[in-house]
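The values are calculated or read from the model by the stated rules, or taken from the named source; none is laboratory data. Predicted model only: the values in this text are computed from it and were never measured. Cβ coordinates were reconstructed from backbone atoms using ideal geometry, including for glycine residues, and neighbour counts include every protein chain displayed.
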Amino acid sequence: MRREVGGLQSSAGEPPADGSSELWDRCAQSVGGGVSSGLRRTIMPWPLFVERGQGCRVWDVDGREYIDYVMGWGPLILGHSHPELIHAVRDQLELGSLYGTGHRLEYTAAEMVIESVPGLQRILWSNTGTEAVHVAMRLARAHTGRTKIIKFVGGYHGWTDSVLASYSSHTAGTAATSNSKGQSVAAQQDLIVLPFGDVSSVTEVLSHAAAEGVAGVLIDPIMSNYGLIEPPAGYLEAVRSACTANNVVLIFDDVIAGFRIALGGSTERFGVVPDLVVFAKAIAGGFSQSAVGGSAQLIDQVLDGVVHAGTYNGNPIALAAVRATLTQLRQPGRYAALEDTAQSLADGLNAIFSELRAPLHAHHLGPIVQMMPIAAGQEVAFGPGIDWSYWDMLTNACRQRGLFLLPRGRLFLSTVHGADDIAETIAAFRDAVRQLR
Ligand SMILES: Cc1ncc(COP(=O)(O)O)c(C=O)c1O
């Protein structure tokens, strides 16, 4: 399964075979594709096989230490094995892992979420972001009696047939482009796909919402999987008022942004209150729990014919993790510190890129840093056509210098990435960029 890196072996250097590449081969004999989630195959030069994680660091099967910027693809907002989180989960484990009926953590954790995010009255628990998006769309459809959902080009909302579309590729027009073989064409017919950030296209479709059968707008306000884009000024407000005027349910997909870019996620950061908001990832600090939040009117449809189910929903282990994570995140100064760390990392990286003329530029939004390729001095817009070969080579060179990085230029930070880690990271990047020159 070993692969070439960016087709530029001469400057990047042949990645040395290591324990991870050997275990990946072995894993592929019993696990489909050698990974448990398809995107992990894109980790360059191959998936790292990790023995343990502590704080902002992981150690691989060869005993090598890395500063981790993958952070489980977003959830590890407190880093690995945060003592308070581990303590809470261990205590709960002694009391049982699953009851299949009521327990106190269901409402104590829900109350913490409701207190943290403006506009919420109720929560529904589920396990993954994918499931929670599905629940939110069902609530929107039940409420409006319509079926169509507006999503945006490049938005990723999980892997189900009804939303895995126009993310990794999109054909011009408003019809959905399937992104996997084997998808139901019928499910995709309920999507209307529009460009992100363009007020007129979305307000135009929403003005015919009743006639077109539009139930909801599903939006990741920061396009966290598509270049990390700050919504243009006034955009979310315009979408909000067009949804209200046309009885369409506005759903924020805060699977990445929630509890990461602010305690109250996109709602707090941008000051626009959606009808429903979906959380996963950081809400449970690395355990599997997701939620849909919204008004009592929308959520209480579960008492009136809307099915919401799941054996592991609201399990006490994950909810102990939610409570411990939110307790930590509510401490004063947490988000200001995360912002400062991200800013110093992005600034340090940009200084290297301009000094050594590397074709990259870093920006950040909260504790997420995104690097984009630059062609002929111009920043490149995110999209399927981007040439990531330089990033792939750099990732490999950085890995050899003790940094564990995601594909496509994105770095997740946590509350335990400190000034020393950032300095070490910038030094490793400098060395790696120099090697590639
Ligand atoms: C914005 C967004 N929505 C939904 C999902 C799906 O979440 P999960 O992988 O927990 O099913 C993801 C996953 O990365 C995501 O980034």
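Apart from one condition, P118 fits all of (1) touching a residue at least 24 places away in the same chain (Cβ under 8 Å); (2) more than 16 Å from the ligand (Cβ to nearest atom); (3) within 28 Å of L303 (Cβ to Cβ); (4) in a helix (DSSP H, G or I); the exception is (4).
Just so you know, in the range 177-206 the residues that are exposed (fewer than 14 other Cβ atoms within 10 Å of the Cβ) and not in a loop (DSSP other than H, G, I, E, B) include one that is modelled with the lowest pLDDT, and it is V185.
Any idea which of (1) in contact with an Asp or Glu (Cβ under 9 Å, 6 or more places away or on another chain); (2) in a loop (DSSP other than H, G, I, E, B); (3) within 16 Å of the ligand (Cβ to nearest atom) is the one N225 doesn't satisfy? The failed condition is (1).
Every residue, every condition in (1) under 20 Å from the mean Cα position of the chain (by Cα); (2) assigned by TED's automatic domain parsing to the domain that holds I219, yes or no:
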{"residue": "V277", "(1), (2)": "yes, yes"}
{"residue": "K281", "(1), (2)": "yes, yes"}
{"residue": "A284", "(1), (2)": "yes, yes"}
{"residue": "Q301", "(1), (2)": "no, yes"}
{"residue": "A318", "(1), (2)": "yes, yes"}
{"residue": "S344", "(1), (2)": "no, no"}
{"residue": "V369", "(1), (2)": "yes, no"}
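Taking the range 132-154 as the range and being within 13 Å of the ligand (Cβ to nearest atom) and either surrounded by fewer than 23 Cβ atoms within 10 Å (Cβ to Cβ) or under 16 Å from F259 (Cβ atoms) (or both) as the test, the residues that pass are A132, H134.
Hey, among E51, E106, which residue is farther than 14 Å from G285 by Cβ, in contact with a Gly (Cβ under 8 Å, 6 or more places away or on another chain), surrounded by fewer than 22 Cβ atoms within 10 Å (Cβ to Cβ) and not assigned by TED's automatic domain parsing to the domain that holds P407? So that I can check it myself, show each step before the final result.
Details: E51 fails: not assigned by TED's automatic domain parsing to the domain that holds P407.
After applying the criteria, what remains is E106.
Results for (1) within 30 Å of G286 (Cβ to Cβ); (2) modelled with pLDDT of 95 or more; (3) buried (at least 19 other Cβ atoms within 10 Å of the Cβ), shown as yes or no for each residue.
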site	(1), (2), (3)
P367	yes, yes, yes
E379	no, no, no
F382	yes, no, yes
I386	yes, no, no
S389	no, no, no
A397	yes, yes, yes
G402	yes, yes, no
R410	yes, yes, yes
S414	yes, yes, yes
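Which of the residues belonging to the range 400-434 are part of a loop (DSSP other than H, G, I, E, B), small (G, A, S) and in contact with a Leu (Cβ under 7 Å, 6 or more places away or on another chain)? Within the range 400-434, S414 is the sole residue that qualifies. Restricting the range 276-297 to residues that are more than 13 Å from the ligand (Cβ to nearest atom) and of a type in the set (A, V, I, L, M, F, W, C) leaves a set whose member that is surrounded by the fewest Cβ atoms within 10 Å (Cβ to Cβ) is A296. Scanning the range 305-329 for residues that are among the small types (G, A, S) and over 21 Å from E94 (Cα atoms) yields G305, A309, G310. With respect to the conditions (1) β-branched (V, I, T); (2) touching a residue at least 40 places away in the same chain (Cβ under 8 Å); (3) away from the ligand (no atom under 16 Å from the Cβ); (4) outside any strand (DSSP E or B), I86 lacks only one, and its number is (2).
Where residues in the range 122-138 are touching a strand residue (DSSP E or B) at 6+ places or on another chain (Cβ under 7 Å), assigned to a helix (DSSP H, G or I) and of a type outside the set (G, A, S), which of them is farthest from G314 (Cα to Cα)? Within the range 122-138, the match that is farthest from G314 (Cα to Cα) is M137. The condition of being in a helix (DSSP H, G or I), more than 16 Å from the ligand (Cβ to nearest atom) and touching a strand residue (DSSP E or B) at 6+ places or on another chain (Cβ under 9 Å) holds for only one of A238, A242, that being A242.
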